[in-house]
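Structure, as structure tokens:
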Amino acid sequence: HYASSSFAQATSILSCQWLFRIRLLIKGLEDYSVNIYLRQQWYDPRLRFNRSEGLDTKDCVKLEDKIWEKLWVPDVFFRNEKKADFHHVTIPNRFINLYPDGKLWYVMKISATLSCMMQLQKYPLDTQICPMMLESFGHTMHTVVFKWLPNKSVEATDDLSMPQFILKGYPTKECSKNYTTGSYPCLQVDFILQRDIGYFIIQVYIPTVLIVILSWVAFWINTEAIPARVSLGLLTVLTMTTQSSGAGQSLPRVSYIKAIDVWMSVCLVFVFASLLEFAVVNVYSRRDIGPKKASTRTRSGSVPRRSFTSTSATLIESGGPTDQEGSPSVCLSPGNELFPLQQINNTARKIDKISRRLFPLSFIIFNVVYWVMYGVVK
């Protein structure tokens, strides 16, 4: 039985990790889970032994299982832990090697769920930084000092992969903290996780762009094709609303605005604006219906060939060309005012022509601002 005792100076614990699985739990917004090999190294002069013949300084002795219950081992715990377990299948997944100079090498396999407060203002173009903090539970820095192993403090397997994230790096630092009982040693590694946007490009961005472009087709449809333009406008608005609702069901529930909320809202505004544009065009085109009907009735001889005045409209003789019976071309206009036959209709067509350029240009400008602000600017 090896009992721990006080040392003249603080014991240095060199620690390193081998990361072979990491997974973010998106629904919780606060958790991520990891599978690691936690490796620790320290010196205990009480455990020195003489090397046997034929052994060099690199040889070591593997101690029996559960010897860690009889030896002094560092009291390490995860400061931001929510749940953690050792692995015991098919045997306890940990061991201790002892070197002749008293160095101990302690390795254990751990699965842990740790807290990670995610910032989703740029979701799904975000990058998350999730910390893992290893701290001493009962020893202050006067008795124990934690240090990262030089060169290879944290390593990861080559086949490490996640469905929605890419591991960009894992910088290390110290996180010692002062409590009422003293300052306790702590080591921290930050996992930098960049979200893979491929899924969202296929499922969200491309479909919404196509819906917005489809709403612009109405600008090339004749202003008199009211059923076609109304159907197209309502179809795109309803489809965009459904797309937005479907994307929102899988999004995290947070109180602030996310990047995808901005995208979906602006796309919905563009689609709705194209429907309103048709309403404006329809108003201008319908104001020309009265004059066209009145002109047709005059040319057919059902009304007098000279101008007359009534309470609702005025028939005005025109100096232009006459029909086959010699009757003058006339224009009937509300309010006793003269309007050229095609003046209002030309205004409606002009609005459509302007919209054909204005809407795509505005959408391109929005895309440039959006992708620069959320994708490029850190």
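The values are calculated or read from the model by the stated rules, or taken from the named source; none is laboratory data. Remember, predicted model here, so these are calculated numbers, not experimental data. Cβ: placed from backbone, ideal geometry, glycine included. Neighbour counts: every protein chain shown. For the accessible areas, the whole protein counts, side chains as well, though only heavy atoms, and no ligand, DNA or RNA atoms are used. Shrake-Rupley method; radii C 1.70, N 1.55, O 1.52, S 1.80 Å.
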Task: Value in Å of the Kirkwood radius, where region 72-180 supplies the Cα pairs that are averaged - done: 17.1 Å
- [ ] Ignoring everything but the protein chains, give the 1.4 Å probe accessible area of S12 in square angstrom, nearest 10.
- [x] 50 Å²
Task: Most to least accessible of F363, F272 (protein chains only, probe 1.4 Å) - done: F272, F363
TODO: Can you pull the one-decimal nm distance between simple spin-label points at K177 and T143, each 7 Å off the Cα toward Cβ?
DONE: 2.0 nm
Task: Accessible surface of D159 - all protein chains present, 1.4 Å probe, nearest 10 Å² - done: 120 Å²
- [ ] Counting only heavy atoms of the protein chains, get the accessible area per residue of region 13-195 (1.4 Å probe) and round it to a whole Å² value.
- [x] 53 Å²
Task: Accessible area of E81 in the full protein assembly, 1.4 Å probe (Å², nearest 10) - done: 80 Å²
TODO: Using a 1.4 angstrom probe on the protein heavy atoms only, line up M373, M240, M141 by accessible area, largest first.
DONE: M373, M141, M240
Task: Assigned charges on the beta-carbon of Lys, Arg, Asp, Glu; region 13-195 dipole about Cα centre (debye) - done: 200 debye
Open item on the list: Tell me the carbon and sulfur percent of the accessible area for region 13-195, rounded to whole percent, probe radius 1.4 Å.
Closed with: 51 percent
TODO: Calculate, for V280 and M117, the FRET efficiency according to 1/(1 + (r/R0)^6) with r their C-beta to C-beta distance and R0 51 Å; round to the nearest 0.05.
DONE: 0.60
- [ ] Take the Cβ-Cβ distance between T90 and S245 as r, set R0 to 51 Å, and report the resulting FRET efficiency rounded to the nearest 0.05.
- [x] 0.55
Task: Two-site FRET efficiency, Y37 against I197, from Cβ-Cβ distance with R₀ of 41 Å, rounded to 0.05 - done: 0.85
Open item on the list: I need to check one value: relative contact order of region 13-195, counting alpha carbon pairs closer than 8 Å and at least 6 residues apart, in percent.
Closed with: 27 percent
Open item on the list: When a/c reaches 1.5 or more, the comparison of a/b and b/c decides; with that in mind, is region 13-195 rounded, prolate or oblate per its Cα gyration tensor?
Closed with: prolate
Open item on the list: Quick check: residue separation of L358 and Q164 times 0.36 nm, minus the Cα distance between them. What number comes out in nm?
Closed with: 66.2 nm
Task: Gain on full stretching of the segment that runs from K70 to S231 - 0.36 nm per residue minus C-alpha separation - done: 50.0 nm
Task: Under the Debye formula (equal points on every Cα, no solvent term), log10 I(q)/I(0) of region 123-183 at q = 0.16, 0.25, 0.27 Å⁻¹ - done: -0.74, -1.17, -1.29
